[in-house]
Amino acid sequence: MELSFMHKLGVVCLILLVLNSAVCCFADSYRKSRASYYNTPDGYGNPWGACGYGEYGRTVNGGNVAAVSGDIWKGGNGCGACYQIRCKIAQYCDEDGTRVVVTDYGEGDRTEFIMSEHAFSNLARDSAASAKLMKYGVVDIEYKRVSCKYSNRNVLVKIHEKSNNPYYFAMLLLNVGGKCDVAAVQLWQEDHKEWSPLRRVYGTVFDYENPPSGKITLRFQMDCGERLVWVHPKKPIPSDWNAGEAYDTGLQIN
C-alpha cells in the first residue's frame, strides 16, 4: 500500500524522536567499572593531587573526591568533573551511592576510580555496612557524569603559589559547576587587542609568562560535549594580585 506524503513524514519524525531519545538515554546511563580507595589521616582528599587543587582538593564536596584514570582523566580536562557512583553489593551498598569530584589522577587494575576513604564509605547504606564494604578494598560499581553543584558560590580564580607578579602568572579555577570541562583559558592583551592562550601546565593549572601590567582579564572555554562555549568573568583580577590568593569572578557556571 502506498503511503501518503504526510504518513511518510510522520514515520520519519517518529524514527527521529526514538533515535534522539535513545541517544539522550545512553548519555545519561550508568557505565560499569570498579572502584577502590586511598588512605589519608582524616579520610578526606589528597592535597597533593595531580589537578593542583591543594587544600581545596582535600575538602571540596565534603571530602567526597576521587582520583581517576583513562578517558575520565582526559589529560587533565577531567579535573573538577562530578560523577555519581554506586556499588553493586546489594546487602551493603546504598541505592543512590555518592557523588564525587575529580581531584587527582590514579591508575588501578581495571579500576577507574580511586576514591577518598570518606567517599568510598559513603557508598554504603549505613555505618555497619560501611565497615564491611571497606574490607573489600575494591568493588564493582556503576557511574555516570552529573552536574557539579556549588550553591551560591561563584567561580574563583586561585593564583598558584609559584606565581610572581609581574613576571609569571599561573592560576586554576575553583567551584566550576555544571557538566562542562575547562578546556582552555585565555588572557586579554590590551596593547594588541587580542586574546592570548594560557598554557595548561598540568591538571587544571594554567600559566602565562610576562603577563600584562594592570588588571588581568580572562575568559574560559568550556567543553560541553557537543559544543564549546566561552564564558567571561564579571570581575577582572586586580593588578596587585598575590600568589596564593583566590579572586571572585562574580560568575556562576551551572
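Numbers for the structure displayed
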item	result
Some residue of region 227-234 being part of a loop (DSSP other than H, G, I, E, B), farther than 22 Å from GLY52 by Cβ and in contact with a helix residue (DSSP H, G or I) (Cβ under 9 Å, 6 or more places away or on another chain)	no
Sole exception among (1) hydroxyl-bearing (Ser, Thr, Tyr); (2) surrounded by 16 or more Cβ atoms within 10 Å (Cβ to Cβ); (3) not in a strand (DSSP E or B) for SER213, by number	(2)
Residue list for region 178-198, filter: surrounded by fewer than 12 Cβ atoms within 10 Å (Cβ to Cβ) and of a type outside the set (Lys, Arg)	GLU190, ASP191, HIS192, GLU194
Residues satisfying the stated conditions in region 34-62, i.e. hydroxyl-bearing (Ser, Thr, Tyr) and touching a helix residue (DSSP H, G or I) at 6+ places or on another chain (Cβ under 9 Å)	SER36, TYR37, TYR38, THR40, TYR44, TYR53
Residues within region 171-201 that are outside any strand (DSSP E or B) and farther than 15 Å from LYS215 by Cβ, tallied	8
Residue check, SER127 in contact (Cβ under 8 Å) with a residue 24 or more places away in the chain and assigned by the TED database to the domain that holds ASN39	no
From the options VAL68, VAL101, residue that is farther than 22 Å from GLY244 by Cβ and modelled with pLDDT of 95 or more	VAL68
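Quick grid of which residues meet (1) out of contact with any Asp or Glu (no Cβ under 6 Å at 6 or more places or on another chain); (2) open to solvent by less than 60 Å² (accessible area, probe 1.4 Å); (3) modelled with pLDDT of 95 or more; (4) closer than 30 Å to CYS87 by Cα:
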residue	(1), (2), (3), (4)
ALA129	yes, yes, yes, yes
VAL139	yes, yes, yes, yes
VAL146	yes, yes, yes, yes
ASN154	no, yes, yes, no
TYR167	yes, no, yes, no
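The values are calculated or read from the model by the stated rules, or taken from the named source; none is laboratory data. In this text the structure is predicted, and so the values were computed from the model without any measurement. Note that each Cβ is placed from the backbone with ideal geometry, even for glycine, and that neighbours are counted across all protein chains shown. Protein only, heavy atoms only, side chains kept; ligands, DNA and RNA dropped before computing areas. Shrake-Rupley method; radii C 1.70, N 1.55, O 1.52, S 1.80 Å.
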